[in-house]
Amino acid sequence: YVAAVYEHESILSPAPAALVGRRSALELMGRNLDIYEQQVLAAARQGAQIIVFPEDGIHGFNFTRSSIYPYLDFVPHSQSGKWNPCREPYLFNDTEVVQRLSCMALKNKIFLVANLGTKQPCERADPRCPSDGRYQFNTNVAFAADGALLATYRKHNLYFESAFDTPPEPDYAFFDTPFAGKFGMFTCFDILFFEPAVNLIRQYNLKQIVYPTAWMNQLPLLSAVEFQQAFATAFSVNILAANIHHPTLGMTGSGIYTPVKSFIYHNMESYGGKLIVAEIPVISTDYRTNLEKTPGRVSEKGKDQSPPSFYAEMMYDNFTFVPVWGEKGELQVCANTLCCYLNYQRAVLTDELYALGVFDGLHTVHGTYYVQACALVKCGGLSFSTCGQEVTDATALIDFQLWGNMSTPYIFPLLLTSGITLDFADHMGWKNNHYFLSKNRTSSGLLTAALYGRWYEKD
């Protein structure tokens, strides 16, 4: 099928904390919706059957609970009763944004997914009802090609969003299409948690995901395109990921991903939005069976010839590292119950320091979640203290096999190359209770090769 995602440089309110009326809120959102309209038309002309827009793309961000209120639409949150906002605009008040999105889908005969702020009145009797008498949700909406509202999803894992409420229960949102079956839906930070993202995919055996996001890149392990790709690979799903484009805020990185191929956009240099259109296969069978025939040997090395280990901070976590010296070798580094192993060989010795790092613990900055990670990274300079820094360019071509005795089945294989480009492993999967990732000759210099494990039960 042909899919489209649009990385949108949103027109932002110059003073998001200021209180404005509904009319001026609609005026600002209308300017973003005008751009959406052009992009839907452009995507439809290229044959796209579905288009996805980013999180916060219509209203922007940095609002307070009260300042966002005029920007919120009312959207009934129930799967019952088919409502077509374009054809039945009179059913509910405050649905101008939803109506416009619905009409774009209808006019261009395309499935459309967008993110907006929504409001829902609540009863004082409801113990969770906020003191202002309403819920405010960060919401995705999906429309069919005839403009009908198919599904809504309210973001569960909020990322410092004081303007919004967490829904009382996780939403498991998906919708059906004639061209690729069911699509599941979640938003941004949700991708790092079991609920609802992983549970949704497992429970409903979903193979296609739409994913609006407003993601601030964090190297070496959580760049948007890097993690979106790893998620598609780990769960054998297609992901249509639309990010916001604000390079000054570190926000870029969208793509259309299959478990074995990606069409990505990552641009920290220039401004303006970007439409990605790609034809991808509908996934029916599981790719993962091909990945489990991994040639691998686990060699328990004597510690004596290992280089010195050292500590450095990476992604706000205290990693234990060993330097990757020389043109080839075998290394091991351990922390808590996790041991990481590396066999490596490089064709040419370059003047670049690499290190193999391990972390097995609770990550506590910008969210709390348990990580088990084995990571081969390029350091920022030649001293140990630079390992874990954000690096975007590398020249070293390294053949490697990386493995670890991970305690969780949820492993995201990361493979990032120079210029924030992606590569694919030759082999990956489980063997003898170890997870393996191997690659001969990356397409360009290696930035990061990592096993990023999420141990959800220990969050």
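The values are calculated or read from the model by the stated rules, or taken from the named source; none is laboratory data. Everything numeric here is computed off the predicted structure, so don't read it as measured data. As a convention, Cβ positions derive from the backbone with ideal geometry for all residues, glycine included, and neighbour counts pool all protein chains shown. All accessible areas refer to the heavy atoms of the entire protein, side chains included, with ligands and DNA or RNA removed. Shrake-Rupley method; radii C 1.70, N 1.55, O 1.52, S 1.80 Å.
Quick check on Leu291: is it modelled with pLDDT under 95, open to solvent by 40 Å² or more (accessible area, probe 1.4 Å) and within 23 Å of Ser407 (Cβ to Cβ)?
yes
Considering Ser254, Ser236, Ser270, which residue is over 14 Å from the mean Cα position of the chain (by Cα) and open to solvent by less than 10 Å² (accessible area, probe 1.4 Å)? Lay out the reasoning, then the answer.
Numbers: Ser254 fails: over 14 Å from the mean Cα position of the chain (by Cα); Ser270 fails: open to solvent by less than 10 Å² (accessible area, probe 1.4 Å).
The unique qualifying residue is Ser236.
Polar (S, T, N, Q) and closer than 11 Å to Gly147 by Cα, is that true of Asn108?
yes
Return the pairs, sorted by first residue and then second, in which the second residue is open to solvent by less than 100 Å² (accessible area, probe 1.4 Å) and modelled with pLDDT of 95 or more, the first residue lies in segment 108-132 and is on the phi > 0 side of the Ramachandran plot and in a loop (DSSP other than H, G, I, E, B), the beta carbons are less than 6 Å apart, and the residues are 6+ apart or on different chains.
Taking only residues 6 or more apart or on different chains, the pairs are Lys109/Ala145.
In segment 54-82, what count of residues is obtained for those that are touching a residue at least 12 places away in the same chain (Cβ under 8 Å), surrounded by fewer than 20 Cβ atoms within 10 Å (Cβ to Cβ) and within 15 Å of Leu149 (Cβ to Cβ)?
5
State whether one or more residues within segment 137-156 are assigned to a loop (DSSP other than H, G, I, E, B) and polar (S, T, N, Q).
The answer is no; no qualifying residue exists.
Run down Gly21, Gly47 and say which single residue is at pLDDT 95 or above and within 21 Å of Lys107 (Cα to Cα).
Numbers: Gly21 fails: within 21 Å of Lys107 (Cα to Cα).
After applying the criteria, what remains is Gly47.
Does segment 179-216 hold any residues that are closer than 22 Å to Tyr6 by Cα and either at pLDDT below 95 or open to solvent by 30 Å² or more (accessible area, probe 1.4 Å) (or both), and which are they?
Result: Phe179, Lys182, Met216.
Name the pairs whose Cβ atoms lie under 7 Å apart, with the first residue in segment 213-227 and under 17 Å from Tyr316 (Cβ atoms) and assigned by the TED database to the domain that holds Val365, the second open to solvent by 20 Å² or more (accessible area, probe 1.4 Å) and assigned to a loop (DSSP other than H, G, I, E, B), and 6 or more positions between them or separate chains?
none
Among the listed residues Ser66, Ser78, identify the single one that is polar (S, T, N, Q), over 24 Å from Ile35 (Cβ atoms) and more than 27 Å from the chain's Cα centre (by Cα).
Ser66
Mind counting the residues in segment 343-374 that are in a strand (DSSP E or B) and either assigned by the TED database to the domain that holds Leu158 or under 27 Å from the mean Cα position of the chain (by Cα) (or both)?
Going through segment 343-374 one residue at a time, the tally reaches 16.
Can you work out which of the residues in segment 167-206 that are acidic (Asp, Glu) and in a loop (DSSP other than H, G, I, E, B) is nearest to Asp56 (Cα to Cα)?
Asp171
With closer than 25 Å to Asp459 by Cα and either open to solvent by 10 Å² or more (accessible area, probe 1.4 Å) or modelled with pLDDT of 95 or more (or both) as the only criterion, which of Asp176, Asp165 stands out?
Exactly one of Asp176, Asp165 is closer than 25 Å to Asp459 by Cα and either open to solvent by 10 Å² or more (accessible area, probe 1.4 Å) or modelled with pLDDT of 95 or more (or both), namely Asp165.
Please indicate, with yes or no, whether at least one residue in segment 352-359 is closer than 16 Å to Tyr452 by Cβ, touching a residue at least 24 places away in the same chain (Cβ under 8 Å), aliphatic (A, V, I, L, M) and surrounded by fewer than 17 Cβ atoms within 10 Å (Cβ to Cβ).
No, that holds for no residue.
Could you check segment 362-382 and list, in sequence order, the residues that are among the hydroxyl-bearing types (Ser, Thr, Tyr) and closer than 25 Å to Tyr341 by Cβ?
Tyr369, Tyr370
Right, Ser383: open to solvent by 20 Å² or more (accessible area, probe 1.4 Å) and either under 16 Å from Gly357 (Cα atoms) or charged (D, E, K, R) (or both) or not?
So Ser383 fits the description; yes.
I'm trying to understand the selection: among the residues of segment 33-78, which are assigned to a helix (DSSP H, G or I) and in contact with a Gly (Cβ under 8 Å, 6 or more places away or on another chain)?
Ile35, Tyr36, Gln39, Pro70, Tyr71
For segment 404-447, name all the residues that are part of a strand (DSSP E or B), under 29 Å from Thr364 (Cβ atoms) and under 17 Å from the mean Cα position of the chain (by Cα).
The answer is Ile411, Phe412, Pro413, Leu414, Leu415, Leu416, Leu422.
Identify the residue in segment 83-107 that is in a helix (DSSP H, G or I) and of a type in the set (Lys, Arg) and, among all such residues, is surrounded by the fewest Cβ atoms within 10 Å (Cβ to Cβ).
Lys107
Residue by residue, here is whether (1) touching a residue at least 60 places away in the same chain (Cβ under 8 Å); (2) within 21 Å of Trp215 (Cβ to Cβ) holds:
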site: Val141; (1), (2): yes, yes
site: Ala148; (1), (2): yes, no
site: Ala151; (1), (2): yes, no
site: Arg154; (1), (2): yes, yes
site: Ala173; (1), (2): no, yes
site: Thr177; (1), (2): yes, no
site: Phe186; (1), (2): no, yes
site: Phe189; (1), (2): yes, yes
